[in-house]
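Participant: There's a structure below that I have some questions on.
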Amino acid sequence: MPAPQPALDPVVLKLWTAVDPHSLKVMELARKVAGTAATVLIRGESGTGKDQLAQLIHYLSPARDQPFLKIDCASLPAELVESELFGHERGAFTGAESLKRGRLELAGNGTIVLDEVAALTVAAQAKLLRVIEEKKFERLGGSETLQISARLIALTNADLERAVALRHLREDLYYRLNVFPIVVPPLRNRRADILPLARHLLENICALHRLPKQSLSPGAAAALEAYDFPGNVRELKNMLERAAIFAPGQEIGADLFPAHLGGREKKETKTTLQEMERQYIAEVLDYTRGKKTRAAQILGISRKTLLEKRKRYHLD
Ligand SMILES: Nc1ncnc2c1ncn2[C@@H]1O[C@H](COP(=O)(O)OP(=O)(O)OP(=O)(O)O)[C@@H](O)[C@H]1O
Ligand SMILES: [Mg+2]
């Protein structure tokens, strides 16, 4: 059964282009959870739109005018992640010259996004668990217990079950995070989104680079629709950006896409109707081992017409 069509306001459409039933389902889940204070876990391959979806949830929530803060647990050094997240008191460690509020505090009643949550150290995971369960934490080096009122959204492209098995991720945190999981499917599994997304991204790209509006040639559209996008929406976006900048006119041809797309502009390679007819007649003649009456029957033409075509196409 197709997912019910949600009423989409223009900002939502900008944040989350969804046409395919799989991504409409994701949007439905986002809508449902947005109205609650629940901690959300967004899972999905790299480039599928996890950050984008976190923004959508924030926008759809009553906290949309409150802060939206993000912390990347994978790219910051472990010590920094904790002080960024929880903040620190003056003198908590060497170099902590003044009090610093963490993002949990600064997010107020808004939303805080923990990107690559599985990259947190086990010590930080224990603190996070307490934040989720009791809404409480202390600044590093502090004794005052603070209350968090922001909503947490955790993102990951890691295999969390494996991380638990390897004891890289605390099992109790895993269960806590997994209360409201949303899995963003890879782009290749929601193919109906490819072209609407491409058009949406292209519009943004042209505006960003002050380029005249561009469109996709039929060959380019076909090449995109047939491609698997291992890098998901990010790959699509990068590809379009490059193509839009290099496009000589206002139409993007498939020749502007990387060769591995295999969708070279069909203008040169597409066979004409005549060429197809020639090939097909040759195939049928081959099949009937040169028996013309039988071949004509299969082709649905008279023997005379077949002989004419055979001559014209030099098949004799
Ligand atoms: N549904 C969508 N509608 C519009 N833009 C999208 C959508 N999904 C993704 N994008 C765009 O694609 C790019 C990649 O998305 P995003 O950064 O959210 O992916 P991610 O899943 O967080 O990737 P990573 O795991 O590498 O962090 C971004 O530029 C984002 O704006
Ligand atoms: Mg991301």
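The values are calculated or read from the model by the stated rules, or taken from the named source; none is laboratory data. Just so it is clear, the structure is predicted and the values come from calculations on it, not from any experiment. Using ideal geometry, Cβ is built from the backbone for each residue, glycine included, and neighbour counts are taken over all protein chains shown. Side chains are part of the model used for accessible areas, which takes the heavy atoms of the whole protein and leaves out ligands, DNA and RNA. Shrake-Rupley method; radii C 1.70, N 1.55, O 1.52, S 1.80 Å.
Participant: So which of N238, N232 ends up being within 11 Å of ligand 1 (Cβ to nearest atom) and modelled with pLDDT under 95?
Facilitator: N238
Participant: Right, another one. Within region 29-48, which residues are within 15 Å of ligand 1 (Cβ to nearest atom) and open to solvent by 20 Å² or more (accessible area, probe 1.4 Å)?
Facilitator: Those that are within 15 Å of ligand 1 (Cβ to nearest atom) and open to solvent by 20 Å² or more (accessible area, probe 1.4 Å): L29, R31, R43, E45, S46.
Participant: Does S143 fit the bill of being modelled with pLDDT under 95, assigned by TED's automatic domain parsing to the domain that holds R90 and farther than 15 Å from A37 by Cβ?
Facilitator: Criteria met by S143.
Participant: If you go through region 42-61 one residue at a time, how many are more than 11 Å from ligand 2 (Cβ to nearest atom) and charged (D, E, K, R)?
Facilitator: Matching residues across region 42-61 total 1.
Participant: Tell me whether region 173-187 contains one or more residues that are open to solvent by 80 Å² or more (accessible area, probe 1.4 Å) and in a loop (DSSP other than H, G, I, E, B).
Facilitator: The answer is yes, given that some residue of region 173-187 is open to solvent by 80 Å² or more (accessible area, probe 1.4 Å) and in a loop (DSSP other than H, G, I, E, B).
Participant: Restricting to region 126-138, and then to whatever is of a type outside the set (D, E) and open to solvent by 20 Å² or more (accessible area, probe 1.4 Å), can you tell me which residue is nearest to ligand 2 (Cβ to nearest atom)?
Facilitator: K127
Participant: What is the residue count in region 164-183 for residues that are of a type in the set (A, V, I, L, M, F, W, C) and under 23 Å from the mean Cα position of the chain (by Cα)?
Facilitator: 5
Participant: Taking region 1-29 as the search range and keeping residues that are modelled with pLDDT of 65 or more and among the polar types (S, T, N, Q), which one is nearest to I182 (Cα to Cα)?
Facilitator: Only one residue tops the list, namely S23.
Participant: Moving to a separate point now. For region 71-125, which residues satisfy the criterion of being open to solvent by less than 60 Å² (accessible area, probe 1.4 Å) and among the acidic types (D, E)?
Facilitator: Correct list: D72, E82, E84, E89, E105, D115, E116.
Participant: What number of residues within region 30-42 are in a helix (DSSP H, G or I) and either at pLDDT below 95 or over 19 Å from L197 (Cβ atoms) (or both)?
Facilitator: So the answer is 4.
Participant: Still on this structure, I have one more. Looking only at region 139-172, which residues are more than 30 Å from S98 (Cβ to Cβ) and open to solvent by less than 50 Å² (accessible area, probe 1.4 Å)?
Facilitator: Scanning region 139-172 gives L155, T156, A158, L160, A163, V164, L169.
Participant: Would you call E45 more than 18 Å from L173 (Cα to Cα), of a type in the set (D, E) and at pLDDT 95 or above?
Facilitator: The answer is yes for E45.
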